[in-house]
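Written below as structure tokens is the structure these notes are about.
Quick note: the coordinates plus some simple rules give every number you see, no bench work behind them. Keep in mind that what you see is a predicted model, and the values were worked out from it rather than measured. Cβ atoms come from the backbone with ideal geometry, glycine included; neighbour counts cover every protein chain shown.
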Amino acid sequence: METAKEQAAQYTLEPATDIPKSNHYYLNMGPQHPSTHGVLRVLLEMDGEYVIKAQPVLGYGHRMHEKMAEHKNWMAFMPNTGRMDYAAALPFNHGYAALFERLCNIEVPERAEYIRVITSELNRLVSHHLWLGAFLLDLGAFTPILYTFDDREQVLDILEDITGSRLTYCYFRVGGVCKDIDDKFVERTRAYIKRQRERFKVYNELVTGNIIFLKRVEGVGIISPEMARRYGATGPVVRGSGIAYDIRKAEPYSVYDRFDFEIPTGTTGDSLDRYLVRLEEMEQSLRIIEQALEQLPDGPYLGKVPKKLKLPTGDANFAVEAARGELSYYLVSGGGDMPYRLKIRVPSYSNLSLLPELAQGMLIADLVAAMGSLDLVIPEIDR
Amino acid sequence: MPPELLRMIITAVLVVAFVFLNAMILGYMERKISAHIQRRPGLMEVGPHGVLQLIVDGLKLIGKQLVVPEGSSPFLFRLAPLLSFAPCVLPFVVIPFSRKLQAVSMDVGLIYILAMTSINVVAVLVAGWASNNKYSLFGTFRSVAQAVSYEIPMLLSLLAVIMMTSSFSLEGIIEAQKYYWFILIQPVAFIIYFVSGLAETNRAPFDLPEAESELTAGFHTEYSGMGFSFFFLAEYANMFTVCSIATILFLGGWKGIPLPFYDYSGIIWFLLKVYGLLFVMIWARWTYPRVRFDQLMTFCWKYLIPFSMANLLITAIMVKII
Amino acid sequence: MHPATEKLVNELNELPVAVAACDYAQRGYHYEVDVAADQVRALAECMLKHDMYLVFVGGLDVKPVPRVVYQFASYTHPGRFVVRAAVDENNMVPTISDIFQGASWHERETRDFFGIVFADHPYLKPLILAEEDVDLKPLLKTEEALKDISEVSWPAASDVSSKPEAKNKAEQG
């Protein structure tokens, strides 16, 4: 193992273009590989089972959302936002809607902000459930994904009732949300929270304490805080490395500053820490939802928004904490009702970019575990 | 027709039929058990509770084209599934299903079975090599290393039982368990044997040769249709063989509460015990994550082999004293 | 202002860059920095020294020359910097991918979309776009759509009356 690591250390991060050393060979992991979750290709230079170099190849699901944003008016782009990160679409809605509210100084009714927080957190739970199942599937445990999908289904049913869709939401509007929540929603959400708390016990018993699971993830894919910073990693990846960075706390948007919740952090930054951080985050999301339901004010769910929104000239940025980390919309406007330029900074993009350094000298099985723990959604990276 | 030839033909037909039947039963079991472990109904569409699904699947697999990948060696590629399947059928010839339900009685039945099951490694090697696919080759390397390593604790644990009975004959070993099953005095050997058996048959948590989240499907990545089915049949036949050895050596074979026509009806006890063990195998597969390759090897060389050695030594001393 | 941010701003002021504090409520970031292409690396090193991380690198096609937009933020304290660097006469900006390794992909993407070349980048091959689309540059504006940098920037602070949100408010009323 040491020799492979030493060999790997001799290489720079710059991907290989020349012919590999005679005892090395290339392996294409993807784009149709079971554990690259979508259409990611990782070009691996291997020595036996050891990865000498890993080079992700992107763009298989590229749709040029940024160009589309420049050619649609601000409202027409809203459905696109839900189609980048299909696992957690509502935070993407949220960032986009809030960006225009910030730019045009539009007031959002309090109730709408609460609804946004509740649904966004529910969506975060959906996303983390998906990740949990898929991550364990990567490790060869088939069963947990069915359990997590069972729970995920409960949330999807709740969200479907008010948003009208199950995956690619387009629920938020500039100035609020498009449909009010009712008592039935509140009731079902409360019941779900109760149920989910019970289920966490099952997860912990089945998975967290399993010796094979621990052996597979402990000390695998260690990301140091310094490395996370150089790559601009955010979200659970950076929190797993022990940095308590969460946009919900660092730059509180919406009404997140009114809730009492913690930012879970890891200590070593290995795959196990990222796993534990995400599990704890799910619990924190439940706490936020609970408090939000408690404080939910009455009032309109959609503020007064002019029919024709005139964008000012200038630029604005809005960062939200999506399920995978920091999502930033940076908009440059030249007036009119179409953005001049919309840069979408997606969290998985930066989180994946550290893979080449992370993968050096790893076993291929560890690479799969480490990639699973990064929680990648490829259409979000490709945009 | 000489009676000996007739006997051989009947045996051959029955054995092959049983291998297919076993694959269907196990396939159904696996899918139903996994479904219930995963809280879903599983097979439900074809026949009552989906019992006919495996027949339909079999027909589908027979109807499928065997795609030979470009750059592979077509002869070896086609040969490998047969090479895998044929030796898996042969152990069934000597397995004593009941006192009188045994096709051939051999003095070295156990050695014969172990020799036959070992040939599977060659088939995997050929399949992986001929596929001209790096994932297949990976699976092959893993499979060979794994099978060769785990054969050692497996044999050592069996040797403990053989020391006690001083017989390689399967009937002899069953007869020796007249008063008690050997699992009671050789629990360590049984556990070591069963764990090595899981590894030998490439079952989770030791299913590294086909680890689909790492190697897509390992050594049979490139196989479709009947090529794949033969590996599938071989895997289930191997599982059955491993479990029947466990039953014969540790669980008293066909012995149980005497039933009418006991010379033949012992098969009921035998099959119950074997399928009970198979159930545990399937249960383990759908519960545990997969181990990593170095962990698999460490487990074998650092834990299983020393423990089986110690077990063998203690058994030897005890046999000498008693 | 957080003391760490203050220190960073002071250090930035020593470089030949223009740092301007902004209204966070309106723009969503704290500082706007204008920088010439040759100062980008010095600025990035300064950011690295002060525990900032790179949020993104993007392009902006404007007259007279395209800009490269960098955004930096910090894990530990609020302080978001939007840095705009004008490309030099060869349509080039020095790479910062050896300072912030995460910039490598962002720079490759910007090269894909805008054709801006990042000097000394070790591997400036198409990332998001396919190999054959290396000259596509999809986000470059057409001649008619291309705007001047002043047309896409906030109006000067004195020009309050023409702020569009005031107009929006009037329309609402």
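Data overview
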| read-out | value |
| --- | --- |
| Mean residue ellipticity (222 nm) of chain B, computed from DSSP H runs ≥ 4 via -39,500 (n - 2.57), nearest 500 | -22000 deg cm²/dmol |
| Alpha-carbon centroids, the range B:60-107 and the range C:72-87: separation in whole Å | 66 Å |
| Listed residue pairs exceeding 20 Å between alpha carbons, taken from A:Lys53/C:Lys125; C:Lys63/C:Lys137; A:Lys67/A:Lys249 | A:Lys67/A:Lys249 |
| Distance between the range B:188-259 and the range A:42-105 - C-alpha centres, whole angstrom | 44 Å |
| Relative contact order for the range A:65-354, counting Cα pairs under 8 Å that sit 6 or more residues apart, in percent | 27 percent |
| Along chain A, longest interval not containing exposed GluC sites (Glu not before Pro), exposed being DSSP loop plus at most 16 other Cβ atoms within 10 Å | A:263-383 |
| Distance between modelled label sites at C:Gln26 and B:Leu82, nm, 7 Å Cα→Cβ extension | 8.3 nm |
| Between the range A:106-158 and the range A:322-383, the Cα center-to-center distance that results, in Å | 19 Å |
| Normalised contact order of the range C:3-172, rounded percent, pairs of Cα under 8 Å and 6 or more residues apart | 17 percent |
| Charge dipole magnitude, Cβ of K and R +1, D and E -1 - chain B, Cα centre, debye nearest 20 | 520 debye |
| Nearby lysines by direct alpha-carbon distance to B:Lys273 (threshold 30 angstrom, same-chain neighbours under 8 apart not counted) | B:Lys32, B:Lys100, B:Lys178, B:Lys255 |
| Calculated [θ] (222 nm, deg cm²/dmol) that DSSP helices of n ≥ 4 give over chain C, each run adding -39,500 (n - 2.57) | -8000 deg cm²/dmol |
| Using alpha-carbon coordinates, inclination of helix B:74-89 to the longest axis of chain B, degrees | 30 degrees |
| Summed side-chain charge close to A:Asp161 - residues other than A:Asp161 whose Cβ falls under 14 Å, Lys, Arg +1, Asp, Glu -1 | -3 |
| C-alpha long axis of helix A:144-163 to longest principal axis of chain A, angle in ° | 20 degrees |
| Overall form of the range C:3-172 per C-alpha gyration tensor (a/c, 1.5; a/b vs b/c) | oblate |
| Kirkwood Rh (inverse of mean 1/r, distinct Cα pairs), the range B:3-321, angstrom | 20.4 Å |
| The range A:92-106 - phi-based ³J(HN,Hα) in whole Hz, Karplus 6.51/-1.76/1.60, Gly and Pro as x | 5, 4, 4, x, 5, 4, 5, 4, 6, 5, 5, 5, 9, 6, 9 |
| Among B:Val93, C:His2, C:Gly79 the positive-end extreme of the charge dipole of the protein assembly as shown (Cβ point charges) | B:Val93 |
| Spread of Cα-to-Cα distances over 10 Å intervals beginning at zero, given as percent, for the range A:65-354 | 6, 28, 35, 22, 7, 1 |
| Ellipticity estimate at 222 nm from DSSP helix runs (n ≥ 4, -39,500 (n - 2.57)) divided over chain A, nearest 500 | -14500 deg cm²/dmol |
| Shape call, the protein assembly as shown: gyration tensor on alpha carbons, a/c limit 1.5 | prolate |
| With Cα atoms, 0 to 90° folded angle of helix A:271-295 axis to chain A main axis | 10 degrees |
| FRET efficiency estimate (nearest 0.05) - Cβ-Cβ, B:Leu101 to B:Ala284, R0 41 angstrom | 0.90 |
| Sequence-separation-based contact order of the range B:3-321, relative, with Cα cut under 8 Å and 6+ spacing, percent | 24 percent |
| Charge dipole magnitude, Cβ of K and R +1, D and E -1 - the range C:72-117, Cα centre, debye nearest 20 | 220 debye |
| Total charge dipole magnitude, the protein assembly as shown, about the Cα centre, Cβ charges on Lys, Arg, Asp, Glu only, Debye to nearest 20 | 2260 debye |
| Three-way shape label, the range A:292-339, alpha-carbon gyration tensor, a/c 1.5 | oblate |
